[in-house]
Amino acid sequence: MEVRTRHWGVVEVAEDRVVHFPEGIPGFPHSRNFALLGEPGGLFLWLQSVDEPDVVLPVADPFTLFRGYEVPLDQEDVEALSVASPQEVAVLVVVTVRSDPLEATANLAAPILVNTARRLGRQKVLADSAYSVRHPLFVTE
């Protein structure tokens, strides 16, 4: 499928790289379908809206970046994502890059869950967690 993007023009995306967010993602009410751009299995990817070319979010695998990070999968998640097995669920976090890349942060308090088998996604807010919405990617001393 062809996806229009702000940064890369029109790109060809395999159907299995498009994720549907039935509830949307907070802050992007008109975007329900997103393509995962970048190298499959790569540390950083782009969550590009299929519905709005200007909406693109840099995302990363939090388990590679943050030792001990945990995201509980509750019954609401299982139902919303039609999860048959926990192995179907990939977790991503939105990354914010500042003018100084060493000040980049990750939103650990609201990870994005993706059922990779059914290509369904949702953003989960970890309300009672100590995780930050601006957790530093790099520790500088």
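With LEU102, LEU92, LEU108 as the choices, which residue is outside any loop (DSSP other than H, G, I, E, B) and touching a Phe, Trp or Tyr at 6+ places or on another chain (Cβ under 7 Å)? Steps first, answer last, please.
Working: LEU92 fails: touching a Phe, Trp or Tyr at 6+ places or on another chain (Cβ under 7 Å); LEU108 fails: outside any loop (DSSP other than H, G, I, E, B).
Step by step, each of LEU102, LEU92, LEU108 is checked, and only LEU102 is outside any loop (DSSP other than H, G, I, E, B) and touching a Phe, Trp or Tyr at 6+ places or on another chain (Cβ under 7 Å).
Once the range 102-141 is narrowed to residues that are closer than 20 Å to VAL50 by Cα and of a type in the set (D, E, K, R), the residue that is surrounded by the most Cβ atoms within 10 Å (Cβ to Cβ) is ARG122.
What about ALA90, is it free of Cβ contacts under 8 Å to residues at least 60 places away in the same chain and closer than 20 Å to ALA109 by Cα? Steps first, please.
Numbers: free of Cβ contacts under 8 Å to residues at least 60 places away in the same chain: yes; closer than 20 Å to ALA109 by Cα: yes.
It is true that ALA90 is free of Cβ contacts under 8 Å to residues at least 60 places away in the same chain and closer than 20 Å to ALA109 by Cα.
Of the residues making up the range 46-64, those that are modelled with pLDDT of 95 or more and among the hydrophobic types (A, V, I, L, M, F, W, C) are TRP46, LEU47, VAL50, VAL55, VAL56, LEU57, VAL59, ALA60. When both residues are 6+ apart or on different chains and their Cβ atoms are under 6 Å apart, which pairs have a first residue that lies in the range 57-85 and is more than 14 Å from PRO111 (Cα to Cα) and of a type in the set (Gly, Ala, Ser), and a second that is modelled with pLDDT of 95 or more and in a strand (DSSP E or B)? Correct list of pairs: ALA80/ARG122.
Look at SER99 and say whether it is out of contact with any Cys (no Cβ under 8 Å at 6 or more places or on another chain), surrounded by fewer than 17 Cβ atoms within 10 Å (Cβ to Cβ), among the small types (Gly, Ala, Ser) and within 22 Å of ALA35 (Cβ to Cβ).
For SER99, the condition - out of contact with any Cys (no Cβ under 8 Å at 6 or more places or on another chain), surrounded by fewer than 17 Cβ atoms within 10 Å (Cβ to Cβ), among the small types (Gly, Ala, Ser) and within 22 Å of ALA35 (Cβ to Cβ) - is not met.
The values are calculated or read from the model by the stated rules, or taken from the named source; none is laboratory data. Only a predicted model underlies this, so the values are computations on that prediction, with no experimental measurement involved. Virtual Cβ from ideal backbone geometry, glycine too; neighbours counted across all protein chains shown.
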